[in-house]
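Take a look at the structure set out below.
The values are calculated or read from the model by the stated rules, or taken from the named source; none is laboratory data. Owing to the predicted nature of the structure, the values given are computational and were not obtained by experimental measurement. Quick reminder, even Gly has a Cβ in these numbers, built from the backbone with ideal geometry, and neighbours come from all protein chains shown. Ligands, DNA and RNA are excluded from the accessible area calculation, which covers all protein heavy atoms including side chains. Shrake-Rupley method; radii C 1.70, N 1.55, O 1.52, S 1.80 Å.
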Amino acid sequence: MTQPALVVEDLSLAIGPAQVVDGVGFSVAPGEVLALVGESGCGKSLTAQAVMRLLPAAIRQVSGRVRLGAEEISALPERRMRELRGRRLSMIFQEPQAALDPLATVGTQVAEALRLSVAQARPQVRKMLEDVGISDPDRRIDQYPFELSGGMCQRVMIATALISGPAVLLADEPTTALDVTIQAQILDLLRRLATERQTAVVLITHDMGVVADIADRVAVMYAGRIAETGPTEAIFAAPRHPYTALLLASIPRLSDVPKSKLAVIEGRVPTPAEFGPGCRFAGRCPLADAHCAEATPPLRSVGDGRLSACFHAERVR
């Protein structure tokens, strides 16, 4: 059996007394695309930052282990982590204009991932910029981030993350600022990267359309916990958690009657201060009972390689 490229076990993060990520775990194999899906604020991006060991100062890691290949990286010295970041473990950040250095040229920043100067790596940098859809790459290499659009800066970040051929790529909403045509190109590039280079990709997104296009497996998060995991096709066909089912039902379809009301998930996501002892979706769930409000449902097998954190998984339709 192939060793997973990345394994996250029992990851919990807290801000003060509030646990914002609670017992999250998943693995991704070489050549596989795993989509980490959920609403804004559910803990997706914090999970990725914890894997990279780039958490904000206000957030502390309560528990959890992260393994990159055969190497446990949770407690590595920062010097060793710097060696891994950008080479074996790369990340595409959600806000590229904040992540890019405004005083360094595009070529300098992309070449830095190879530990080379832009003069030494110019052919590789040019090819990478071209691959992510940047027109006139020879001119862009010598430009600064403030001379580019937001979408173009996002593509520069993607090029920087991909150029070193990492074993694991964490992509945090990588197509948010891009138009539909470029989004399709980037998703195709990520898919080909996974297949051709056997790179493991963790795609963080709230867009179920993107998930359907690219992901092999899905991990659905809600309020800091994993609600359901499984193969993409199986989850889209027959979800086994009420949140996943309602999330899929809220997606507009071409077959919908014109001007018909969109399906919505009633209620709101609880804040960390409001997290109780039971299921965090209980207050919005049509299947919830007293037991759901009192006890935390374990993430259990529901067959076909799928896991669901719901006491009523078999009743979900």
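Among the residues of the range 292-300, are any among the β-branched types (Val, Ile, Thr) and surrounded by fewer than 21 Cβ atoms within 10 Å (Cβ to Cβ)?
Residues of the range 292-300 that are among the β-branched types (Val, Ile, Thr), as a first pass: 296.
Retained after the next criterion (residues that are surrounded by fewer than 21 Cβ atoms within 10 Å (Cβ to Cβ)): 296.
Yes, that holds for at least one residue.
Pairs are defined by a Cβ separation below 7 Å, a sequence spacing of at least 6 or placement on different chains, a first member in the range 239-250 that is within 11 Å of Cys285 (Cβ to Cβ), and a second member that is open to solvent by less than 30 Å² (accessible area, probe 1.4 Å) and in a helix (DSSP H, G or I); the pairs so defined are His241/Ala313.
Residues in the range 214-264 that are of a type in the set (A, V, I, L, M, F, W, C), open to solvent by less than 10 Å² (accessible area, probe 1.4 Å) and more than 27 Å from Arg192 (Cα to Cα): Ala223, Ala227. All conditions in (1) open to solvent by 60 Å² or more (accessible area, probe 1.4 Å); (2) within 25 Å of Lys44 (Cβ to Cβ) hold for Ile158, with the sole exception of (1). Annotation note: of Arg79, Arg60, the sole residue that is at pLDDT below 95, under 29 Å from Ala113 (Cα atoms) and out of contact with any Leu (no Cβ under 9 Å at 6 or more places or on another chain) is Arg79. If you take the residues in the range 121-146 that are of a type in the set (Asp, Glu) and outside any loop (DSSP other than H, G, I, E, B), which one is least open to solvent (accessible area, probe 1.4 Å)? Applying the filter and picking the extreme gives Asp131. For residues in the range 187-198 being within 22 Å of Thr47 (Cβ to Cβ) and out of contact with any Asp or Glu (no Cβ under 9 Å at 6 or more places or on another chain), which is surrounded by the most Cβ atoms within 10 Å (Cβ to Cβ)? Taking the candidates together, the pick is Leu190.
Among the residues of the range 165-186, how many are within 13 Å of the chain's Cα centre (by Cα), surrounded by fewer than 23 Cβ atoms within 10 Å (Cβ to Cβ) and aliphatic (A, V, I, L, M)? Outline the logic, then answer.
The first filter runs over the range 165-186 and keeps only residues within 13 Å of the chain's Cα centre (by Cα), leaving 168-176.
If we keep only those that are surrounded by fewer than 23 Cβ atoms within 10 Å (Cβ to Cβ) as well, we get 168, 172-173, 176.
The next check asks that each one be aliphatic (A, V, I, L, M); those that pass are 168.
Going through the range 165-186 one residue at a time, the tally reaches 1.
Screening the range 147-266 for helices (runs of 4 or more DSSP H) wholly inside it with 1 or more residues that are within 25 Å of Ala98 (Cβ to Cβ) and in contact with a helix residue (DSSP H, G or I) (Cβ under 7 Å, 6 or more places away or on another chain) returns the ranges 150-162, 180-197, 208-214.
Would you check which residues across the range 6-28 are open to solvent by 10 Å² or more (accessible area, probe 1.4 Å) and either free of Cβ contacts under 8 Å to residues at least 12 places away in the same chain or over 21 Å from Arg300 (Cα atoms) (or both) and list them?
Taking the range 6-28 and keeping what is open to solvent by 10 Å² or more (accessible area, probe 1.4 Å), we get 7, 9-10, 15-20, 22-23, 25-27.
Those that are open to solvent by 10 Å² or more (accessible area, probe 1.4 Å) and either free of Cβ contacts under 8 Å to residues at least 12 places away in the same chain or over 21 Å from Arg300 (Cα atoms) (or both): Ile15, Gly16, Pro17, Ala18, Gln19, Val20.
For (1) over 30 Å from Arg67 (Cβ atoms); (2) of a type in the set (A, V, I, L, M, F, W, C); (3) without any contact (Cβ under 8 Å) to a residue 60 or more places away in the chain, each residue gets a yes or a no:
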{"residue": "Arg88", "(1), (2), (3)": "no, no, no"}
{"residue": "Met91", "(1), (2), (3)": "no, yes, no"}
{"residue": "Ala99", "(1), (2), (3)": "no, yes, yes"}
{"residue": "Gln109", "(1), (2), (3)": "no, no, yes"}
{"residue": "Ala121", "(1), (2), (3)": "yes, yes, yes"}
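The number of residues in the range 272-291 that are part of a loop (DSSP other than H, G, I, E, B), exposed (fewer than 13 other Cβ atoms within 10 Å of the Cβ) and in contact (Cβ under 8 Å) with a residue 40 or more places away in the chain comes to 1.
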